[in-house]
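Values quoted throughout were computed directly from the atomic coordinates according to the rules given, and no laboratory measurement underlies them. Since the structure is predicted, the reported quantities are computational estimates derived from the model, not experimental observations. Methodologically, a virtual Cβ is constructed for each residue, glycine included, from the backbone with ideal geometry; neighbour enumeration extends over all protein chains shown.
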């Protein structure tokens with residue numbers, strides 16, 4: 001077997017250019033037969049956690065069959081079709097331990113908070129909330145340093161904007177976020193799409 005791929009160092013390229021410049025990573029700078037994950041070109045993995053409470057249309061979110069993703073993804077995942085070979089979709093996740101005891105209502109007020117933590121939130125309407133560190137924040141602690149923004153939390157509504165008690169004696173904190181950096185540190189959700197866009201791409205004020 002012959003490997004025609006040649007390794008070119010940054011220093012070699014800079015000497016040939018005869019100038020000092022910030023050189024982007026080039027494919028030719030990867031030594032032959034080197035695994036992509038071991039190079040500077042290794043892609044940064046991404047994780048997205050979504051919680052949809054009432055009125056969800058499963059067909060817009062959940063693939064029809066288990067296994068490899070089909071050529072056409074569900075409506076809400078269409079933008080990921082070019083990357084479907086690098087995408088894994090988990091659906092149907094639910095924390096049974098967070099369900100209310102028989103005869104007790106108000107499941108929505110704590111099941112949402114337990115979605116990614118598998119921890120039944122403490123029943124309180126005060127500031128002494130207690131849940132569990134969610135998996136998205138565990139992942140952010142591991143790979144968040146590789147991106148400009150370690151994690152972003154977004155929502156479409158604030159059900160407890162005018163109340164501290166969202167029912168059954170549970171704080172609205174449990175319904176206002178599904179992301180917790182620690183058992184006592186809920187991550188605030190951003191409701192304004194413009195703010196989200198500006199955080200990701202800038203507001204155009206700088207060139």
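Per residue, the average separation of C-alpha pairs within less than 8 Å and at least 6 apart gives the stretch 93-201 a relative contact order of 28 percent. In summary, the convex hull built on the alpha carbon positions of the stretch 111-161 has an orientation-averaged projected area of 4.7 nm². When only alpha carbons of the stretch 93-201 are considered, Rg and Dmax amount to 14.5, 48 Å. Listed peptides 169-180, 186-197 appear in the order 169-180, 186-197 once ranked by packing, highest mean of other Cβ atoms within 10 Å at the front.
Highest-first packing order for the peptide set 140-152, 123-135, 81-93 is 123-135, 140-152, 81-93, based on the mean count of other beta carbon atoms within 10 Å. Cα centroid separation, the stretch 91-155 to the stretch 173-207: 16 Å.
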